[in-house]
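The values are calculated or read from the model by the stated rules, or taken from the named source; none is laboratory data. Note that the structure is predicted; figures quoted are calculated from it, not measured. Using ideal geometry, Cβ is built from the backbone for each residue, glycine included, and neighbour counts are taken over all protein chains shown.
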Amino acid sequence: MSLRVGSPVAGRVVALSEVPDQVFAEAMVGPGVAVEPVRSKSDVVSPLDGTVVTLHPHAFVVANGDGAAVLVHLGIDTVKRKGEGFELHVVKGEQVQAGQKIVTWDPAEVEAAGFAPICPVIALDASAEVLGDLAVGVDVVANDALFDWSR
């Protein structure tokens, strides 16, 4: 069985190795891709159907019923903003659908504050071998497919 993981934001898909953070760039958290977001205020959407199991203004994890969990991190070191510039639209434990609005943010504002707005999208507790059809090097809109996760 394969799980489609969608893009949480519009932008250009890049390899994790391009993320300016060693933990993500070396896939220490898990395999995936990153999206260099369009620099305008926008909604961040769920990459899959599931439950919001972790929720912070700058990052969230959605897990489906099969235990597949995807981390979306909005920018690098943005935890230091203590929620400033992020508007949450869901609560922890909420059931969400792929493409449903989770957070609103402005990547240009994040960048102006001195943070890289790149968005790693990580398959947690997975090996790189189970991810396929990685959409690296293409432009996407929110909810376009980023990769398939063989389960």
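Report whether or not VAL5 is at pLDDT 95 or above, crowded, with 19+ Cβ neighbours inside 10 Å, part of a strand (DSSP E or B) and touching a helix residue (DSSP H, G or I) at 6+ places or on another chain (Cβ under 8 Å). Judged against the criteria, VAL5 is not a match. When we screen VAL52, VAL62, VAL33, VAL72 for residues that are farther than 13 Å from ALA123 by Cα and either buried (at least 21 other Cβ atoms within 10 Å of the Cβ) or at pLDDT 95 or above (or both), the only hit is VAL52. Can you spot a residue in segment 106-117 that is free of Cβ contacts under 8 Å to residues at least 12 places away in the same chain, over 20 Å from ARG39 (Cβ atoms) and surrounded by fewer than 14 Cβ atoms within 10 Å (Cβ to Cβ)? So far as segment 106-117 goes, no, none of its residues is free of Cβ contacts under 8 Å to residues at least 12 places away in the same chain, over 20 Å from ARG39 (Cβ atoms) and surrounded by fewer than 14 Cβ atoms within 10 Å (Cβ to Cβ).
Could you tell me whether segment 72-83 includes any residue that is under 15 Å from the mean Cα position of the chain (by Cα), farther than 17 Å from PHE24 by Cα and not in a strand (DSSP E or B)? Scanning segment 72-83, I find no residue that is under 15 Å from the mean Cα position of the chain (by Cα), farther than 17 Å from PHE24 by Cα and not in a strand (DSSP E or B), so the answer is no.
Every test in (1) in a loop (DSSP other than H, G, I, E, B); (2) touching a Cys at 6+ places or on another chain (Cβ under 6 Å) is passed by GLY30 save one, and that test is (2). Among strands (runs of 3 or more DSSP E) entirely within segment 98-151, having at least 3 residues that are more than 14 Å from the chain's Cα centre (by Cα) singles out 145-150.
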